[in-house]
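Worksheet: one structure, shown below.
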Amino acid sequence: MHATIEAAARRLADAGRVVALTGAGVSAESGLDTFRGADGIWARFDPDEVAAAGGWLGYLIARPWDGMELLRGIRDAFGTAEPNDAHRALAELESIDRLHALITQNIDGLHRAAGSTHVIEMHGTFRRKRCSGCGGCEDVSRERFVADIDAMIARLGSFLVHHPAHLLDRCPCGGLLRPDIVGFGDAVHGLVEATEAVDAADVVLVCGTSGVVYPAASLPERARERGAVVIEIDPLPTELTPLADISVRDSAGRALPALVDAVRRVGSSV
Ligand code: OAD
């Protein structure tokens, strides 16, 4: 691993602009499940069933017992998860001007919690609500997030909810305040910003994503076609591995701090 980390560090140190694309693997060491691993979310919930119910909120109504279980899992995992060494390393890369945009598919808010500021959350975030009426957004603290989930569990447990609207709070405008996460069939967030960032990048650092969900998965390919360098960090080969100039086969929590150390060394020796 040492040699590939050094090679990756040299590319980062030499680059004009660097963009990262992250997925669930970056949060695995914070205790959050990935989607496609053996114990992943899609091994426990059938994505076709969730899609057929019109998304997660519809699934909760259609399967209230499973729904309450799902909500307890979300509350316990997302309500307690803290940034890990991978999130902190990416924030540090930004602070030393070696990361200029961080595009993530994760909805856990952990990149921002670790101190990254230029974050594009393509699949939204649990840490914000958006009104389906006026489009207004409000930030959601961790305490509020947990309280909201507990309220949803209580409402589901009453078996008096027959429509997703009954699970959600209302905005002063009368619209429904939904978690600001991208559901099945929804447009992703920040695609223009993400594309612009990738189009300006000399290096794209891909970390902890299987690279099967579009349009996020198309971004490294777009960069590669322009001649940008693609560096992948993942313990396993992914759909994006054939595009990668450098593949680091390790966990994000080990590889990213090692990469930051190496970038600092390389940077100080030129
Ligand atoms: P996946 O579950 O598809 O992929 C997770 C990747 O992380 C895999 O390549 C794992 O090998 C890797 N991985 C596991 N542990 C790791 C670790 N400690 N360090 C680094 N990598 C590790 O998750 P995503 O690619 O993020 O979309 O999934 C993309 C989208 O699919 C999600 O955002 C979600 C889902 O449907 C929506 O909900 C809209």
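The set of residues from region 134-157 being open to solvent by 40 Å² or more (accessible area, probe 1.4 Å) and in contact with a strand residue (DSSP E or B) (Cβ under 7 Å, 6 or more places away or on another chain) comprises Cys137, Glu138, Asp139. Within region 6-31, how many residues turn out to be open to solvent by 10 Å² or more (accessible area, probe 1.4 Å), touching a Leu at 6+ places or on another chain (Cβ under 8 Å) and not polar (S, T, N, Q)? Residues meeting the conditions: 1. Selection over region 36-46 of residues that are part of a loop (DSSP other than H, G, I, E, B) and open to solvent by less than 60 Å² (accessible area, probe 1.4 Å) gives a count of 3. Residue under question is Asp33, and the condition is that it be in a loop (DSSP other than H, G, I, E, B), acidic (Asp, Glu) and within 22 Å of Gly211 (Cα to Cα); does it hold? For Asp33, the condition - in a loop (DSSP other than H, G, I, E, B), acidic (Asp, Glu) and within 22 Å of Gly211 (Cα to Cα) - is met. Mind checking which residues of region 102-119 are surrounded by fewer than 21 Cβ atoms within 10 Å (Cβ to Cβ) and at negative phi? Result: Arg112, Ala113, Thr117, His118. If you go through region 170-195 and keep only what is away from the ligand (no atom under 16 Å from the Cβ), open to solvent by 50 Å² or more (accessible area, probe 1.4 Å) and either in a loop (DSSP other than H, G, I, E, B) or in contact with an Asp or Glu (Cβ under 6 Å, 6 or more places away or on another chain) (or both), you end up with Pro172, Cys173.
Quick grid of which residues meet (1) modelled with pLDDT of 95 or more; (2) among the charged types (D, E, K, R):
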{"position": "Gly79", "(1), (2)": "no, no"}
{"position": "Leu90", "(1), (2)": "yes, no"}
{"position": "Ser95", "(1), (2)": "yes, no"}
{"position": "Met122", "(1), (2)": "yes, no"}
{"position": "Ser158", "(1), (2)": "no, no"}
{"position": "His162", "(1), (2)": "no, no"}
{"position": "Leu177", "(1), (2)": "no, no"}
{"position": "Asp186", "(1), (2)": "no, yes"}
{"position": "Leu191", "(1), (2)": "yes, no"}
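Where helices (runs of 4 or more DSSP H) fall entirely within region 57-160, those with at least 2 residues that are more than 14 Å from the chain's Cα centre (by Cα) and among the acidic types (Asp, Glu) are at 64-78, 85-95, 142-157. Flag: Pro237 does not match the condition of being within 30 Å of Ala3 (Cα to Cα) and in contact with an Asp or Glu (Cβ under 6 Å, 6 or more places away or on another chain). Within region 164-197, restricting attention to residues that are small (Gly, Ala, Ser) and within 18 Å of the chain's Cα centre (by Cα), the residue that is farthest from Ala151 (Cα to Cα) is Ala197. From the list Leu167, Leu93, Leu70, Leu99, the lone residue that is crowded, with 20+ Cβ neighbours inside 10 Å and closer than 22 Å to Phe35 by Cα is Leu70. Listed by first and then second residue, the pairs linking a residue in region 154-167 that is free of Cβ contacts under 8 Å to residues at least 60 places away in the same chain to a residue that is part of a loop (DSSP other than H, G, I, E, B), with Cβ atoms under 6 Å apart and 6 or more places separating them unless they lie on different chains, are Arg155/Val161. Applying a threshold of 9 Å to beta carbon distances and a minimum spacing of six or more residues, or different chains, the list of pairs starting in region 1-19 at a residue that is over 14 Å from Ile96 (Cβ atoms) and part of a helix (DSSP H, G or I) and ending at one that is of a type outside the set (A, V, I, L, M) and open to solvent by 80 Å² or more (accessible area, probe 1.4 Å) reads Thr4/Arg249; Ile5/Asp261; Glu6/Arg265.
The values are calculated or read from the model by the stated rules, or taken from the named source; none is laboratory data. In this text, all values refer to a predicted model and were calculated from it rather than measured experimentally. Heads up, the Cβs are rebuilt from the backbone with ideal geometry, glycines too, and the neighbour counts pull from every protein chain shown. Just so you know, the surface numbers come from the protein's heavy atoms only, side chains and all, with ligands and any DNA or RNA stripped out. Shrake-Rupley method; radii C 1.70, N 1.55, O 1.52, S 1.80 Å.
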